[in-house]
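Peer 1: Structure incoming, see below.
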Amino acid sequence: MTCDNLRLAFAVRFWALCAVMTMAILTLPICVSAQTPATETFQRDPKQAIDESYTQLIRKYTTAPALNSPLTDYLPASGSVPTPAKVLGDVAGAPDVLPYAEEVYTYFRLLAAASPRVKVFTNGHSEEGREMIAVAVADASLLAQAKENGARLAQLADPRSLHMDDAKAQALIGQSFPVYYITGTIHSPETGAPTALMELAYRLAVDNAPYVQYIRSHIITLITPVVEVDGRDRMVDIYKWHKAHPGQNWPRLVYWGHYVAHDNNRDAMGMTLELTKNVLNTYLEWHAQVLHDLHESVPFLYDNTVGDGPYNSWIDPILTDEWSMLASDNMARMQSFGMPGAFTHGNFDTWSPGYLMFLAGLHNGISRLYETFGNGGADTEKRVLSPGEYSRTWYRPNPPYPTVLWSQRDNNNYEETALLSTLSYFAHNAKFFLNNFYLKSKRSVEKPGNAGPAAYVLAQDDRAWNRQMQLLRVLALQHVEIQRLTQAATVALPPPSRKDGEEPKPGTPPPPSSQTFPAGSFIIRMDQPFSRVADALLDRQFWSPEDPQKTPYDDTGWSFGDLFNAKVSRVTDRAILSAPMSPVPDLSQIPAAEVGPGPFYVVNNSAQVSLASLVYALQGSADVSICEENFETAGRKFAAGSLIIGRVEGSRLKPLLQQFDLAAVSIATQPSVKVHSAAAPRIAFMHTWLSTQTEGWWRMAFDKLHVPFAYISTQAVSKEADLRSKYDVIVFAPVAHTSARQIVDGLPMWGNALPWQTSSLTPNLGKLDSTEDLRPGLSEAGVAHLKDFVQQGGLLITSEDTAEFAIEEGLTPGVFVAPRKTLKVIGSVLNSVVVDNKHPVAYGYDGAVPLYSADGLAFTVSNLTVNRNILTAKEYKRPTGRGGPDDEDAPEGRPAEKAPPLPAPKAWQATPLNEEQERNNPFLIPAEYRPQVILRYAAVKDLLLSGLLENGDPVAEHPAVVQAHFGKGDVLLFANNPVYRGETVGAYALVFNSIINFGHLK
Ligand SMILES: [Zn+2]
């Protein structure tokens, strides 16, 4: 099953127990207390008829009575409102029925046409242009007041508008009703939610049971039935292919969304995907209190809202108690219905805020998530669980069955029952949760005076401007308010943190006690309603190696200032809030600098993300060269790698500079500095058919930066003998968690072919790329073609597992993977240092470069093609003899001969060989073919910036970015992933520098 639990581990931990204990310490609101309607039982309205045929089918498709509840084991009848059967031709969750998004929407629109309790809105479109919708369900009187109610909620969401006046807030709370937002099927192979949500909406609109009436008269339930709408349609195609080919294996869903697969649920920080923006905008436009995301992977219903520690450090403590309250009541209801396998503790830690639901957690709402059980389609299947899934444990006293016949209807029963019961609890406590919503918003505004900091500052800095813009755009997408200093401002700095007993060295000047930020610096004030999300993104993270939680669920560090290579200052001095500043409502309205008369223009290289964008945009219509040394002209200093542009009108250049967040200096004469022509090479982007998940982030970055490429598969490379005639650069982005063997072999060839093609049965497949059979890999022929490509002068760009592939296939003489030993890195931000600042890949960088490392991969380099150890001074241990451990031994009876010193290379250097070792050595790499180390990881004491690092020696000081030489061409190897989740913007230029300097990398 595709699931959210990539790092699944079912260890029971003491930490989880602590989470239970927090339930006992519920935060007291000002004047509204939570009710405890646990005694309320569900009873149908005896006056309302049942839809007998629908109800019979519910019972038929439910595989065991215990897998349903009184809430959903029938369907109330309506004379006017259509049931899901109207569109599905069967009941929700029926076997073999999996509707496309458009069919789901058709039903919701029929429902809205028939019931005044339902309204449908468009909340945006996907990358491929498919619609996303939001459906509001409540009493007609509530829907009629939705706008006025929204205006009241907006005031609670921004207590500055109430002058932080609790009495005014209470009056608004008294008049208002909350909004509970439910999102379905972000993960395309998790297929049950759309039909469950269709039927849930019908029940909420039609059922006259007091239980349901209470919900719809006290809250608005907002539903987005399909979040990943591109992936849903592909998944339905696959399912239809499967049903048309009984007895055969069916293709895997190699593409979900246009760019990424399950990582679409890791975008709540970077905000790169349309679905993330659409959900956040909808959530905030409605001023919803909850965002509840539906998944399938864990039997039978894991309400992972409580999950396990460590919890995210930037959320309001009120939220952690809300999680416990909601989940505790929800699971109590499920137990009261006797439904097995419902629980709320488990392995999911609540540290990373990258999940879709966390959009609410960091915007003063409540994030929730269900993992239910699903079969990846609508087949009814016998499922065999693992002991970790069915064992009874303290948090799962009524566990799932070891084996179960499971249907999509069972899934829908669980999803609807759990949702209805939690909506009921939420409705009965509507005022309590509204008050908490206000309190969390107010406390976010009060952050500078409480936890702090006062603000984050991005100092006015021409060199960082381009990357600052990328970072500020993310904050703007998060609806964070941005301001700009209109005058310089000085703030006091906190005293430096110093380890116990560590005294400053004599003679060292005292550290500065204040800092001045120039006018134009960007200020992210913490006295705003969404201060928490800014704080969570801009602060640094520390995951202790001693933490009881040993299996982090996702990345442990993400500090955006580091990853965007854009310094952010965490300012605790509240004086910053009084500095003269003005709001920046729209970053795109910041005017570009004037470009001047020319005829030449210089764009300084400061590792901007978009120099390649400019080079490709000007390709053929201007002369663009790249300087190879630092130079000065017109009183300005320019770094090696800067672009010198001629034969272009300033009027043509200016909009491009504005589009790409660049600035140019006009000069009258061409500077006398060594240059080469900027390259706009022909790029092929090679993907496997094993997984397109991680390469998708690279593809997205290239698209957004308008760097063109041909998209080809490893199968195409296996058939194309002359790659070099077509391409200059082949980008082989990480596949993630795969081996060189699998890249070459693909999937086993027994069984049937697995097509990924457009057909009348599968109209949504085969658009990005297609194949008649997913199984074949790169093949040995493809490896040979790649080798020919590089040998004939091509550049192959690799990262993480594709770098390991290049090493294993012999494309990188003298580069090896550093042994990891006891190293532990899990999605951390590590520091690196430029080794070769004349190398074009490092143009624009100076000093330290923060890198994202998934698991601590690092390289070693050698002057030999074989990974043979050559004794170094560090490894040498003296023999038994005279003197002490550091003395030299001396033989008796003759004078001692001085031995030649053993080599003492750094961890990032190759060990030099002596003449004895070099003599007639066939493995010796000629000097001009030896690998060049461009970046290395920092020393162990400086290595960790954010996240988890344990036993860092195997990565410390080791090569991180290396250029290997193979024939006439080159292989660029990244131990880090430089293009990841829209978060590693600071490292993008390492990739794009290599592209625009193609042909000049040696
Ligand atoms: Zn999922």
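The values are calculated or read from the model by the stated rules, or taken from the named source; none is laboratory data. All of these numbers come straight from a predicted model, not from anything done at the bench. Because the Cβ atoms are built from the backbone with ideal geometry, glycine has one as well, and the counts that use them run over all protein chains shown. The area values use the complete protein model at the heavy-atom level, side chains included, leaving out ligands, DNA and RNA. Shrake-Rupley method; radii C 1.70, N 1.55, O 1.52, S 1.80 Å.
Peer 1: Suppose R0 equals 60 Å. What FRET efficiency, 1/(1 + (r/R0)^6) with r the Cβ-Cβ distance, do A144 and D953 give to the nearest 0.05?
Peer 2: FRET efficiency, A144 to D953: 0.35.
Peer 1: If amide hydrogens are placed 1.01 Å from N in the peptide plane, which non-local residues have theirs closer than 5 Å to the one on N977?
Peer 2: Under 5 Å from the amide H of N977: Y852, A854.
Peer 1: Going Cα to Cα from K704, which lysines come in below 26 Å? Please leave out same-chain ones fewer than 8 positions away.
Peer 2: K277, K567, K654, K726, K767
Peer 1: I'd like the carbon and sulfur percentage of the solvent accessible area for region 480-593, probe radius 1.4 Å, heavy atoms only, ligands and nucleic acids excluded.
Peer 2: C and S fraction of accessible area: 54 percent.
Peer 1: Can you give the charge dipole size of region 233-272 about its Cα centre, rounded to the nearest 20 debye, using +1 on the beta carbon of Lys and Arg and -1 on the beta carbon of Asp and Glu?
Peer 2: Dipole of region 233-272, to the nearest 20 debye: 180 debye.
Peer 1: Tilt of helix 146-157 relative to the longest C-alpha principal axis of the chain, in degrees (0 to 90, nearest 10)?
Peer 2: 50
Peer 1: For region 660-774, which whole percent of the accessible surface, found with a 1.4 angstrom probe, sits on carbon and sulfur atoms?
Peer 2: Of the solvent-accessible surface of region 660-774, carbon and sulfur hold 54 percent.
Peer 1: Got a sec to turn the phi values of region 308-324 into Karplus ³J(HN,Hα) couplings, 6.51 cos²θ - 1.76 cosθ + 1.60 with θ = phi - 60°, whole Hz, x for Gly and Pro?
Peer 2: 8, x, x, 7, 3, 7, 9, 7, 6, x, 4, 5, 5, 6, 4, 3, 5
Peer 1: Considering only the other residues whose Cβ falls under 10 Å of the Cβ of V491, what net charge follows from Lys and Arg at +1 and Asp and Glu at -1?
Peer 2: Here the count lands on 0.
Peer 1: Ok, one more. Just how far, in whole angstrom, is region 194-227 from region 494-548 if you go by their alpha carbon centroids?
Peer 2: Comparing the Cα centres of region 494-548 and region 194-227, I get a distance of 47 Å.
Peer 1: Given a 1.4 Å probe and every protein chain left where it sits, what share in percent of the accessible area of region 843-999 is carbon and sulfur?
Peer 2: Its accessible area is 51 percent carbon and sulfur atoms.
Peer 1: How are the alpha carbon pair distances in region 344-447 distributed across 5 Å bins from zero to the largest one, expressed in percent?
Peer 2: Over region 344-447, the share of Cα pairs per 5 Å bin runs 2, 9, 13, 16, 19, 16, 11, 7, 4, 2, 0 percent.
Peer 1: A further question follows. What whole-number distance in Å separates the alpha-carbon centres of region 809-828 and region 135-193?
Peer 2: After rounding, the separation between the Cα centres reads 50 Å.
Peer 1: Among all the lysines, which ones have a C-alpha under 20 Å from K1002's C-alpha, if same-chain residues fewer than 8 places away are not counted?
Peer 2: Partners within reach: K674, K787, K838, K968.
Peer 1: Hey, another quick one. Which shape class, rounded, prolate or oblate, goes with region 427-468 when its Cα gyration tensor gives a ≥ b ≥ c as root eigenvalues, a/c under 1.5 marks rounded, and past that a/b bigger than b/c marks prolate?
Peer 2: Here region 427-468 falls in the oblate category.
Peer 1: How big is Rg to Rh over the chain, alpha-carbon atoms, Rh as the Kirkwood inverse-mean-distance radius?
Peer 2: 0.99
Peer 1: Sticking with this structure for a sec: Tell me, how many Å apart are the Cα centres for region 621-669 and for region 260-325?
Peer 2: Comparing the Cα centres of region 621-669 and region 260-325, I get a distance of 44 Å.
Peer 1: Accessible area per residue of region 784-907 at 1.4 Å probe, in Å²?
Peer 2: The answer is 49 Å² per residue.
Peer 1: Between helix 779-791 and the chain, what is the angle of the helix's C-alpha long axis to the longest principal axis, kept within 0 to 90° and rounded to the nearest 10?
Peer 2: The two axes meet at around 40 degrees.
Peer 1: Tell me, what ³J(HN,Hα) does each residue in region 427-437 have, in order and in whole Hz, if you take phi through Karplus 6.51 cos²θ - 1.76 cosθ + 1.60 with θ = phi - 60° and put x for Gly and Pro?
Peer 2: Those phi angles translate into 5, 5, 10, 4, 5, 4, 6, 5, 5, 4, 4 Hz.
Peer 1: Right, something else. Determine which lysines satisfy two conditions relative to K60: a Cα distance under 20 Å, and not lying fewer than 8 residues away in the same chain.
Peer 2: Once the sequence-local lysines are set aside, what remains near K60 is K86, K382.
Peer 1: Let me ask something additional. If you roll a 1.4 Å probe over the heavy atoms of the protein chains, what accessible area per residue do you get for region 642-780, in Å²?
Peer 2: 40
Peer 1: Using the Kirkwood radius over Cα pairs, work out the Stokes-Einstein diffusion coefficient for region 266-324 at 25 °C and 0.890 mPa s, in µm²/s as a whole number.
Peer 2: Value of D from the Cα-based Kirkwood radius: 179 µm²/s.
Peer 1: Given a cut-off of 22 Å, what percent of all Cα-Cα pairs of region 653-761 lie beyond it?
Peer 2: Cα-Cα pairs in region 653-761 separated by more than 22 Å: 54 percent.
Peer 1: Just to check I understand the Karplus step: with θ = phi - 60° and J = 6.51 cos²θ - 1.76 cosθ + 1.60, what whole-Hz values come out for region 651-659, glycine and proline as x?
Peer 2: Calculated HN-Hα couplings, in order: 5, 7, 6, 4, x, 5, 4, 5, 4 Hz.
Peer 1: Here is a further query. Given H placed 1.01 Å from N in the peptide plane, which residues other than close sequence neighbours of Q460 have an amide H under 5 Å from its amide H?
Peer 2: Placed amide hydrogens put S521, F522 under 5 Å from Q460.
Peer 1: Can you tell me the accessible area per residue over region 358-460, all protein chains present, probe 1.4 angstrom, in square angstrom?
Peer 2: 24
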